[in-house]
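**Student:** The structure that follows is given in the form of structure tokens.
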Amino acid sequence: MVECKTDPIVFQWRYCAVVLAFFSLCAVIRSIDHDESQYVAAAVLTAHGFLPFRDFAYLQTPLQPFLFAPLVWIAGPWVWPVLRLINALLGTGIVLCVWRAAREAGASSRAALTAAGLLSVCDILLFSIGTARNDALPAALLAAALVLIVRAQRGRGSAGAAMLVGLLLAGTAAAKVSYALPAAAYGVYALVDRRHRPLALLAGAAPMLAFVAWTWAIAPDAFVFGTLRFPALAPAEYYASRPWKMSLAAKAIDALKFFALGPALVALVAVRRRLARPAAIEGMLIAGLAAALLPFPTWRQYLLPVLPPLFVLLALEWDRAPPARAMRIVTAVTVFAGLAPTVATAVLTLKGASMPVALREGTAIRAGLDAAQVRGSVATLSPQFLGRTGRLPDPRFAAGPFYFRTHRVIDPAAEAKFHVVSADRTSDLERNPPAAILIGGEAPWTGGNNAIDAVLEAWATSHGYRPIAIRSARFRLYVRRP
């Protein structure tokens, strides 16, 4: 990329506009993913006064539903695409902050823009900012913190900036628990290098720590279950029939594959020597790698904490020693590899799995609910589709399919306490039956398993729910008889 010497600010914002347009397109064309279910449901329920853990199960740390709730309230029936576009905007912020951090660290404009551009075509990032998950928010907070961390590293920090870094890094962990490791790594480094003002860092983190402590205090057992116990126990149960998926060999293959879908693997190779003598950014990169590789199995979004510090270091490394011709060729190949899954997703939209299709399905579901005069909440393993209908998801299904498909993770008394229902235990549904049951969103076309949806459908038919005709070939609606 060529540096614009006459008006670098205009050039910077033009670059951001291109990235935002590209990320927004990715958010629109990205195929529907059942992973989005719990994040859309949590934001909608929080916007309507329900509290995570106390009133419904949330399987992450709690910042995102609270932060997005006002936007959800404004978005109304457009909540799902709006949440995706918010993540696209956050993704643009990640790229911008990596560029700015690299410049603050001393990289040339060319090297910083190159690194930021390479980051923007990593499939890890493109998936994370193209779906309504909880990956983009903590990564954006981390990337913003890097700008201030680099300034402190070069002796240009202040107490106020250190407090802001503390707030941002505590916010990353409050949005996704895996980011606690990079945040803690920087905190430890700040104790060694006092330019980073550890007391000011702690003071800045205090409000976010108090917020998380409050969400724990209102429902301590449910908080621990959602943030720690479920992520630790559920994968082993779900993959019991495929134990190879939980092996170290599978982890190594998956991690290499996801890093290679884009220039991230090239970047890791390029900066490897810097990790032998880690400073602040290097330490956060190492901690990000540990956080990414600890969970079993490994999925691409888990690797996102690695990318912001990695590409800041890549800008510095390539500024010091520009890549040889062979490295440039390999990097160009990885750019195409990073874009390939997004192109494949665009092809899937032709088969009817895109956001516009989801909105049309939601409109058909709303018409069916209106015709049946359903006023109460709706039980479904795909609550993200209810955003278009104006109905709230049944809080017991706020976790989408992810708790329902478990078997013996917790005992029946705890299920009632934590507001969850599993396929094996439906007595709570019998005590308090939902007004309607929606089937069809947990299926291969959303990356799900329709056998799980079939269990809920069988319960509906065996308990006297009547089918309601809707204009959809994918969804089926059942309403409780008077």
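**Student:** Label-point separation (nm) for K417 and D370, each offset 7 Å from Cα along Cα-to-Cβ?
**Tutor:** Label-label distance for K417 and D370, simple model: 4.4 nm.
**Student:** Suppose every K and R has +1 on its Cβ and every D and E has -1 on its Cβ; what is the size of the dipole of the chain about the Cα centre, in Debye to the nearest 20? Kindly include the intermediate steps, with their values, before the conclusion.
**Tutor:** Details: 47 positive and 27 negative charges, 161 e Å.
Taking the Cα centre of the chain as origin, the dipole is about 780 debye.
**Student:** If you don't mind, another one. Counting only helical runs of four or more DSSP H residues, what would the 222 nm mean residue ellipticity of the chain come to if each run contributes -39,500 (n - 2.57) and the total is spread over all its residues?
**Tutor:** Values: 22 runs with 294 residues, N = 482.
That calculation yields -19500 deg cm²/dmol at 222 nm.
**Student:** A further question follows. Provide the gained length on full extension for the span A213 to R481, in nm with one decimal, where the gain is 0.36 nm per separating residue minus the Cα-Cα distance.
**Tutor:** Gain on stretching A213 to R481: 92.2 nm.
**Student:** Compute the distance from the alpha-carbon center of region 403-427 to that of region 22-44, in whole Å.
**Tutor:** When both Cα centres are located, 26 Å separates them.
**Student:** Just to verify a number: FRET efficiency for A206 and A344, C-beta to C-beta distance, R0 = 51 Å, to 0.05? Please report the intermediate quantities before stating the final value.
**Tutor:** Numbers: r = 45 Å, r/R0 = 0.88.
Efficiency for this residue pair is about 0.70.
**Student:** Angle between the Cα long axis of helix 79-104 and the longest principal axis of the chain, 0 to 90 degrees, nearest 10?
**Tutor:** It works out to around 10 degrees.
**Student:** Continuing with the same structure: Could you give the length gained on full extension between R320 and R360, defined as 0.36 nm per residue of separation minus the Cα-Cα distance, in nm?
**Tutor:** Details: separation 40, 0.36 × 40 = 14.40 nm, distance 5.21 nm.
The span from R320 to R360 would gain 9.2 nm if fully extended.
**Student:** Order these by the 10 Å Cβ neighbour count, fewest first: T298, T349, T215.
**Tutor:** With the sparsest Cβ surroundings first, the list reads T349, T298, T215.
**Student:** Helix 37-47 sits at what angle to the longest principal axis of the chain, using alpha carbons and giving 0 to 90 degrees rounded to 10?
**Tutor:** It works out to around 80 degrees.
**Student:** Within a Cβ distance under 13 Å of Y39, other residues only, what is the Lys/Arg minus Asp/Glu net charge? The partial results should precede the final answer.
**Tutor:** Working: positive: R84, R133, K176; negative: D33, D35, E36, D135.
Net local charge, Y39 excluded: -1.
**Student:** Starting from the alpha-carbon convex hull of region 355-479, give the projected area averaged over all orientations, in nm². The partial results should precede the final answer.
**Tutor:** Numbers: hull surface 28.2 nm².
About 7.1 nm², averaged over all directions.
**Student:** Still on this structure: Show me, for region 266-283, the HN-Hα J-couplings you get by feeding each phi into the Karplus relation (A = 6.51, B = -1.76, C = 1.60, θ = phi - 60°), rounded to Hz, glycine and proline as x.
**Tutor:** Coupling constants for region 266-283: 4, 5, 4, 5, 5, 9, 4, 5, 5, 6, 6, 10, x, 9, 4, 5, 4, x Hz.
**Student:** Hey, another quick one. Please compute the modelled spin-label separation between A184 and R272, points set 7 Å along Cα→Cβ, answer in nm with one decimal.
**Tutor:** Reported label-point gap for R272 and A184 is 2.8 nm.
**Student:** Also: Would you please classify the overall shape of the chain from the alpha carbon gyration tensor, given that a ≥ b ≥ c denote the square roots of the eigenvalues, rounded means a/c under 1.5, and beyond that prolate means a/b larger than b/c while oblate covers the rest? Write down the numbers at each step before the final one.
**Tutor:** Details: a/c = 1.97, a/b = 1.65, b/c = 1.19.
It comes out prolate by the Cα gyration axes.
**Student:** Please report C122, C16, C97 as a ranked list, fewest other C-beta atoms within 10 angstrom at the top and most at the bottom. If you can, show how the numbers build up before the last one.
**Tutor:** Working: C122 30, C16 16, C97 23.
Final ranking by Cβ density, sparse to dense: C16, C97, C122.
**Student:** Here's a follow-up. Under unit Cβ charges (Lys, Arg +1; Asp, Glu -1), what dipole magnitude, rounded to 20 debye, does region 355-479 have relative to its Cα centre? Please report the intermediate quantities before stating the final value.
**Tutor:** Working: 15 positive and 11 negative charges, 72 e Å.
My answer is approximately 340 debye.
**Student:** I want to make sure I understand the PRE zone here: with the label point 7 angstrom from the Cα of V455 toward its beta carbon, which residues in region 420-440 have backbone N atoms less than 18 Å away?
**Tutor:** 420-431, 434, 437-440
**Student:** Could you go through region 120-133 in sequence order and give the Karplus-derived ³J(HN,Hα) for each residue, using 6.51 cos²θ - 1.76 cosθ + 1.60 with θ = phi - 60°, rounded to whole Hz, and x for Gly and Pro?
**Tutor:** 6, 10, 6, 4, 4, 6, 4, 5, 5, 9, x, 10, 8, 9
**Student:** Once the Cβ-Cβ distance between R14 and W299 is put in as r, and R0 is 41 Å, what FRET efficiency do you end up with, to the nearest 0.05? Don't jump to the answer; show the numbers that get you there.
**Tutor:** Details: r = 34 Å, r/R0 = 0.82.
Efficiency at R0 = 41 Å is approximately 0.75.
**Student:** How many nm separate the modelled label positions at W78 and A279, each set 7 Å beyond the Cα in the direction of the Cβ?
**Tutor:** 4.5 nm
**Student:** Given 0.36 nm per residue, what is the gain on full extension from L256 to H407 after removing their alpha carbon distance, in nm?
**Tutor:** On the way: separation 151, 0.36 × 151 = 54.36 nm, distance 3.20 nm.
Between L256 and H407, full extension yields an extra 51.2 nm.
**Student:** I need the shape label for region 399-455. Rule: rounded when a/c is under 1.5, else prolate if a/b > b/c, else oblate, with a, b, c from the alpha carbon gyration tensor. Before the final figure, lay out each step's value.
**Tutor:** On the way: a/c = 2.42, a/b = 1.48, b/c = 1.64.
Oblate is the answer for region 399-455, as a/c is 1.5 or above yet b/c matches or exceeds a/b.
A short reminder: the numbers here are calculations on the coordinates, not readings from a lab. None of these values were measured; they are calculated from a predicted model. Reconstructed Cβ throughout: ideal geometry from the backbone, glycine too, with neighbour counts over all protein chains shown.
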